[in-house]
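Only the coordinates and a few stated rules stand behind these numbers; no lab work does. What you are looking at is a predicted structure, and each value in this text was computed from that prediction instead of being measured. Reconstructed Cβ throughout: ideal geometry from the backbone, glycine too, with neighbour counts over all protein chains shown.
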Amino acid sequence: MADAPLGASLPTHPTHATHATQYWHRLDDGRVQCDVCPRFCKLRDGQRGLCFVRAAEGGEIVLATWGRSSGFCVDPIEKKPLAHYLPGTPILSFGTAGCNLACEFCQNWDISKSRENDTLADAATPETIARAALALGCRSVAFTYNDPTVFLEYAIDVADACRAAGLAAVAVTAGYICPEPRRELYAHLDAANVDLKAFSEEFYRKICHGHLEPVKETLVYLKRETRVWFEITTLLIPGENDSDAELDAMTRWIMDALGPDVPLHFTAFHPDYRMLDHRPTPPATLTRARKIALANGLHYVYTGNVRDAAGGSTSCPGCGALVIARDGYEITAWRLDSHLDTGACAACGTKIPGRFEARPGNWGGRRRPVRLANFAP
Ligand code: SF4
């Protein structure tokens, strides 16, 4: 673990579990409608939205989990997954509780589907989180384990504290968010990994209980209207979203709408939550998906949750040279020049998009749980 200076100049910030929010409006029938995500929950006082963390209280929508976390851990940034953003560095990762999708295959369901305040073990002010990240040698903080869309106001406050301390703020999200809160959230973020869970409305409707179109809109928004670095993840579930036709349509759309340089990660599903009847994703499915995406012109296509040297490494689209070799989360070779945080192939000079420094971090595959109370002022 690298030693880093403590954020001595960080302002203090009180911890309040319930926090005012702004994206809602009153309806004629006395209810209030939450306008954060396309679910548009309509609530009477005392009711909670589908995400369970936004609630109607005193004729307004409040966030019930400001300053509360389900736990902290230092992870490799590759685990988010981000392959082109400060490779090899540790990232302080946390979540709260609740989610605005209801995916039957959820791989973090104990947190995202939590209805128990016990899940929120750690009181965590934004300044304490930034202080802990610096002390632990992290370069960034991730909102992960559940979707920051549902704790938007807290995520923004944490992101601001991180940026003030010289840290990057990273979202791991399903991208299921309305345009106005989306604009506000991403103005405070530096990088994101967005799930594109499938490329069919039927999958989103039946399995995630949501819709595909808002996710596509978020991806296009990020590409066209922000400077946020983003990568995409698709968890492949056998028989549900892994047909050649769907993967072909998805990767053609990414190529057309977002261009060849947005990294795409195909990751392996393991049976969980309400999808215990499905088998784990065979490695051959990930390899097949990667082949289709590369054939459609995408430059950076990765496989995850499996040991796959080729699918985990980065090659130069100009000359084919291996520029970053990885074994799992370990970086085993680095042939990348860096200038002003941009990478270039050391062999031919082709620009490799993302945020790269002259040398990668050396955090490797470690995972370190953190008690945030140890970093309180
Ligand atoms: S953020 Fe939560 S309360 Fe608001 S619309 Fe979405 S699910 Fe409903």
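Over region 139-184, what per residue volume does the convex hull of the Cα atoms give, in whole Å³? Per-residue hull volume (Cα only) is 66 Å³. Rounded to the nearest whole Hz, the Karplus-based 3J(HN,Hα) values (6.51 cos²θ - 1.76 cosθ + 1.60, θ = phi - 60°) of region 48-53 follow the sequence 10, x, 4, 6, 6, 9, with x at glycine and proline. Converting the Cα gyration tensor eigenvalues of region 303-377 into ellipsoid dimensions via √(5λ) gives semi-axes, longest first, of 29, 18, 9 Å. Each Lys and Arg Cβ is given +1 and each Asp and Glu Cβ -1; about its Cα centre, the chain then shows a dipole of about 500 debye.
Shape analysis of region 249-377 places it in the oblate category; the axes a ≥ b ≥ c from the Cα gyration tensor give an a/c of at least 1.5, with a/b not above b/c.
Sorted largest first, the principal axis extents computed over the alpha-carbon atoms of region 192-326 equal 43, 35, 25 Å. When the helices of the chain are scored as -39500 (n - 2.57) per DSSP H run of n ≥ 4 and the total is divided over every residue, the value at 222 nm lands at -6500 deg cm²/dmol. Calculated over region 288-335, the projected area of the Cα convex hull averaged across directions stands at 3.3 nm². Percent of Cα-Cα pairs per 10 Å bin, from 0 to the last occupied bin, for region 153-235, please list those. Taking every Cα pair in region 153-235, the percentages come to 18, 48, 27, 6, 0.
Taken over region 48-95, the ratio of Cα radius of gyration to 2.2 N^0.38 Å equals 1.67. Per residue, the convex hull spanned by the alpha carbons of region 135-275 comes to 127 Å³. How many percent of Cα pairs in region 244-317 exceed 16 Å? Everything past 16 Å amounts to 50 percent. Each of 207, 374, 27 was placed along the dipole of the chain (beta-carbon charges, centred on the mean Cα), and the one lying farthest toward the positive end is 374. Here the 3J(HN,Hα) profile of region 294-310, calculated from phi with Karplus coefficients 6.51, -1.76 and 1.60 at θ = phi - 60°, is 5, 5, 7, x, 5, 7, 10, 10, 10, 10, x, 6, 9, 7, 8, 4, 5 Hz, Gly and Pro shown as x. Globularity index of the chain is 0.97 (Cα radius of gyration / 2.2 N^0.38 Å, N = number of residues). Among the listed pairs 80/206; 79/197; 206/291; 79/206, those whose Cα-Cα separation exceeds 23 Å are 80/206; 206/291; 79/206. Note on region 33-97: with charges restricted to the Cβ of Lys and Arg (+1) and Asp and Glu (-1), its dipole about the Cα centre is near 160 debye.
Think of the chain as having a plus end and a minus end, set by charges on the Cβ of Lys, Arg, Asp and Glu; of 100, 128, 287, 287 sits farthest toward the positive end of this dipole.
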